[in-house]
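Below is one structure, written out as structure tokens, with a few remarks after it.
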Amino acid sequence: MGTRANEGLVVIFWDRVDGTIIGYCGADQVEWLRQRLTEFAALIDWRTAQYTTDYPLGTELGLPLPAGPSGEPALEFLLRMNLEEDLPEEARLLWEPDFLAWLREGVDHAVRVLPTDGSPIVLHDNPETLRHWNAVLFNLRVAYAVTWVPEVLLHDELPEPPADLRPRYDHARWLWEAVHSLANFADA
């Protein structure tokens, strides 16, 4: 199984071996992914630390909730994308903790699965693991794009980047390919 360069990044390839799915990519991409997932976890933790029971019935219910929107573009975009569009803001704030807890759990799992020694990524070959891992990568890709290259969200394919933004575009492209190649591989 060979590798192919994508603007300096090694494209991720997936393979099935004895009930596992193996992801092959460069050690640099795995380390970059680990760093972005760690930052993503910190963003989620920052937001959930803002939850409070300081609302009517909050003390009685004991359910910490966000007092209002985070104001953080990546989180707000993810919430709009993952929660029903027609939900009123109060309902979004009620569902946000469940979504972010699910996402944070997935990020933790993804970080634990990433190798530290340059070996391949190993996933259990079952639909739940693949859907969850792909969802985490997809949400990370969207958060990365919103934060670093929001213009790519306006296109089905990444436009040619200005020279000074090429590394950001290349990483956004790599995440796009990681998400779509895993989804396509899992469906095959």
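A few remarks follow.
- Only one of the listed residues (P115, P127, P88) is at pLDDT 85 or above, over 29 Å from S70 (Cβ atoms) and over 16 Å from the mean Cα position of the chain (by Cα). That residue is P115.
- Scanning the range 144-165 for residues that are hydrophobic (A, V, I, L, M, F, W, C), over 24 Å from D187 (Cβ atoms) and modelled with pLDDT of 80 or more returns V146, W148, V149, A163, L165.
- Among the conditions (1) assigned to a loop (DSSP other than H, G, I, E, B); (2) open to solvent by 40 Å² or more (accessible area, probe 1.4 Å), P159 misses just one, which is (2).
- Criterion violated by S70 - all others in (1) assigned to a loop (DSSP other than H, G, I, E, B); (2) open to solvent by 50 Å² or more (accessible area, probe 1.4 Å); (3) not β-branched (V, I, T) satisfied: (2)
- Yes/no for D86 being at negative phi, without any contact (Cβ under 8 Å) to a residue 40 or more places away in the chain and out of contact with any strand residue (DSSP E or B) (no Cβ under 9 Å at 6 or more places or on another chain): yes
- Residue among W14, W32, W102 that alone is of a type in the set (F, W, Y), closer than 22 Å to V179 by Cα, assigned to a helix (DSSP H, G or I) and in contact with a strand residue (DSSP E or B) (Cβ under 9 Å, 6 or more places away or on another chain): W32
- Qualifying residue in the range 98-113 (condition: under 21 Å from D28 (Cβ atoms) and without any contact (Cβ under 8 Å) to a residue 60 or more places away in the chain): yes
- The residue that is nearest to the chain's Cα centre (by Cα), counting only those in the range 134-181 that are closer than 15 Å to Q35 by Cβ and of a type in the set (K, R), is R141.
- Residue satisfying condition, being under 30 Å from A178 (Cβ atoms) and either of a type in the set (S, T, N, Q) or surrounded by 12 or more Cβ atoms within 10 Å (Cβ to Cβ) (or both), within set E84, E96: E96
The values are calculated or read from the model by the stated rules, or taken from the named source; none is laboratory data. Everything quoted here is computed from the prediction, not taken from an experiment. Cβ: placed from backbone, ideal geometry, glycine included. Neighbour counts: every protein chain shown. Surface areas here come from the heavy atoms of the whole protein model, side chains and all, with no ligands, DNA or RNA. Shrake-Rupley method; radii C 1.70, N 1.55, O 1.52, S 1.80 Å.
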